[in-house]
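First comes the structure, then the notes that go with it.
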Amino acid sequence: MYIIYKKEADKMKILLVAVDAKYIHSNLAVQSLRAYAGKYKDNIEILQFSINHTEEEILRGIYMQEADVVSFSCYIWNISIILDVIDSLKKVQPGVKIWFGGPEVSYNYEEFITETKNLDGIVVGEGERTFYELVEYYLGIHNDIDNIKGICYRHSARQEKAQDNDKENNNDIIFVTPPRDFISLDDIPFAYEDMESHKNKIIYYESSRGCPYSCSYCLSSAYLVVRFRNMDLVKKELSEFLNHKVPQVKFVDRTFNCNKGHAMEIWNFIKENDNGITNFHFEITGDLLSEEELQLLESLRPGLVQLEIGVQTTNPQTMQAINRRVDFIKLSENVKRIKKAHNIHQHLDLIAGLPLEGFDSFEKSFNDVYHLRPDQLQLGFLKVLRGAIVEDECKEYGIVYNNKPPYEVLSTNELTYNEIIKLKGICNMVDIYYNSGQFAHSIRYLEHFYNGPMNLYLSLYNYYVNKGLYTLAHSRMRRFEILLEFFIKMINNRDVDNDRANEIRVFKEILLFDSCLREALKNRPDYVGAPMEHSRFRKIRDELKLSRYKIHIEEFNYDIIASSELGRPIEKEHIIVFDYSKRDPITNSASIRILPNDDY
């Protein structure tokens, strides 16, 4: 039995530390741990940082708390920072006990604690009940840490003789207790007791744990059992978010719609209780959606829901290799139908570096998904997570990956590192010119000049590199100028006999149109000439009874929308009024009103 010196219970302080990807994110893990141990909440504090904080800022914040036990929530995006912080923390606060928990340390815990000398213990797997018992241990309510299931911990070998089945290393004994059974989700209290402290943050929430699928790259494949929270509790908690008008609730359920009844009941509830502000984000499997679910989704307020759909690949051999079964034809039909309703933001994912998928195969997957016109297309890269099935398959598929977090793929049998670099560049260009939504018509026009959309973004990336632009920071307006320079170079290099001057003129107007859709221009770009006369602007504004601060007016010589769709200049003189008081809830673009030029 391992016993440590403990303070009096009323003086003992246990600190839960979260280091999130962004400051705006809430951390569900530490909130759930404290809620479950609510009986002892006076002894438990939460401290939240983001990865944008410096190591010194995090260290100072923790040290100032003067905690006796510090517990960190560990993920691939924050583990490197946390390891650096605890090295310094042990130097300035030698007596502090440090515990880790989370997916990054739950699958190789013995190796991890052996290598991390300043770490006292790891909570393995699901942590609420385990953390509760650890709190009681440190408060002196019980003295037998050996009976706490689901932990891996160390103490000095000099304190007592090692048992035969313990691992001894440099005067330390590493103890591992039996695994803990899953608890009922209904036993976990509401995680966000103080909603005011989460004002204006993205709230992470779960109504289920587990996933019915066994995708080889995902940690969820380790637990195929799906557990659901009682629907009455879920509705009560969602009501809290709605009543406080939080901007976004992000469900972390791995496959939200794996149970149709569960998904339908929640979607119906948020529809019936819509406050006109809160947005709900769900990760779903697109090909599972039934007709009934599609009809319900089509009936929702624009902007109430956004969907993240993991496609990952459209290569059948790759799907088989990663134990993934997706009916891409059905998924495509559902995505197109939802897009037609224009009320739900759709975010589709692809993963580069999967087994059996080379550059050409990934290009096909990219183009297949791109042609569905999602609102966002996220290109991720395979991460060989410890505990995932793919970790044991690296030799078979020639997967080489970085040994440091986030363990990202460097090459495979089918994909070279040089091709990975190109895909990274394409990813960057997609984020700038597609996912931002700021260049929608400009990019649509450019697509007509390339053999496949991925080739367009590869050409853009190559242009940035060749011009020395790739590693520089650029303003939004500079991105428009670069796109024009790229277009002019591309047009001038073409062998096709065309009216280059006319094509450049229409592209300049398309760029102007895209610029104005998001915000009024303070300074009109030089490449489109002088602005409309102020007297004509005032006449239009007065006749339409519009506020000068909420609108912008431009005149055009081309039909921008038709030209973008068809890929050729279509002349049409007209005036467009951009109204920023009426924005599209899906694209955030201003509403437009087209007026005949002759009337003004």
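Laboratory data are not the source of any read-out in this text; all were calculated from the coordinates shown. All values reported here derive from a predicted model rather than from experimental measurement. Note that we place each Cβ from the backbone using ideal geometry, even for glycine, and neighbour counts take in every protein chain shown.
Here are the numbers for this structure:
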| item | result |
| --- | --- |
| Residue pairs, from the table K508/K539; K236/K260; K91/K149; K330/K395; K11/K90; K260/K340, whose Cα atoms sit over 28 Å apart | K91/K149; K330/K395 |
| Environment charge at G353 (Cβ cut-off 13 Å; Lys +1, Arg +1, Asp -1, Glu -1) | -2 |
| For segment 481-599: relative contact order, % (alpha-carbon pairs under 8 angstrom, 6 or more apart) | 22 |
| Length gained when the stretch I421-I561 is fully extended (0.36 nm per residue, less Cα-Cα span) | 47.0 nm |
| Cα centroid separation - segment 553-592 against segment 303-368, whole Å | 30 |
| Summed residue charge, Cβ within 10 Å of E55's Cβ, Lys/Arg positive, Asp/Glu negative | -3 |
| Exposure proxy ranking, count of Cβ atoms within 10 Å, fewest first, for M429, M264 | M264, M429 |
| Nearest-20 debye value, segment 9-176 charge dipole, Cβ charges on Lys, Arg, Asp, Glu | 320 |
| The chain - share of DSSP beta bridges that are antiparallel (%, nearest 5) | 40 |
| Separation between Cα centres of segment 424-440 and segment 60-119, rounded to whole Å | 37 |
| Table column - 3J(HN,Hα) (Hz), segment 561-573, Karplus curve with 6.51, -1.76, 1.60, x for Gly and Pro | 5, 5, 4, 5, 5, 8, x, 8, x, 10, 6, 5, 6 |
| Per-residue HN-Hα couplings for segment 390-401 [Karplus 6.51, -1.76, 1.60; θ = phi - 60°; Hz; x = Gly/Pro] | 5, 4, 7, 10, 4, 5, 4, 9, x, 7, 10, 9 |
| Neighbour-limited loop hits for GluC sites (Glu not before Pro), segment 1-110 (at most 12 other Cβ within 10 Å; DSSP other than H, G, I, E, B) | E8, E66 |
| Set of lysines with alpha-carbon distance to K545 below 18 Å, sequence-local pairs under 8 removed | K582 |
| Where trypsin sites (Lys or Arg not before Pro) fall in DSSP loop in segment 225-295, at most 13 other Cβ within 10 Å | K245 |
| The chain, relative contact order [Cα under 8 Å, separation at least 6], % | 8 |
| Rounded FRET efficiency, nearest 0.05, which uses the C-beta distance separating I24 from F190 and R0 of 22 Å | 0.60 |
| For V30, net neighbour charge (Lys/Arg +1, Asp/Glu -1) across residues whose Cβ lies under 12 Å away | -2 |
| Phi to ³J(HN,Hα) by Karplus 6.51 cos²θ - 1.76 cosθ + 1.60 over segment 407-421, Hz, x for Gly, Pro | 6, 7, 4, 10, 6, 9, 4, 9, 9, 7, 5, 4, 6, 4, 4 |
| Cut-off under 5 Å, modelled amide H: who pairs with I570 long-range | D559, S563 |
| Relative contact order, percent, segment 185-415 [alpha-carbon distance under 8 Å, six or more residues apart] | 17 |
| Other-chain or far-sequence residues with amide H under 5 Å of I46's (modelled H) | L16 |
| Check: the chain dipole with +1 on Lys, Arg Cβ and -1 on Asp, Glu Cβ, in debye | 1380 |
| Amide H contacts under 5 Å for G127, placed H, 5+ residues apart | none |
| Segment 9-176 - share of DSSP beta bridges that are antiparallel (%, nearest 5) | 35 |
| Ranking of D120, D274 by count of other Cβ atoms within 10 Å, fewest first | D274, D120 |
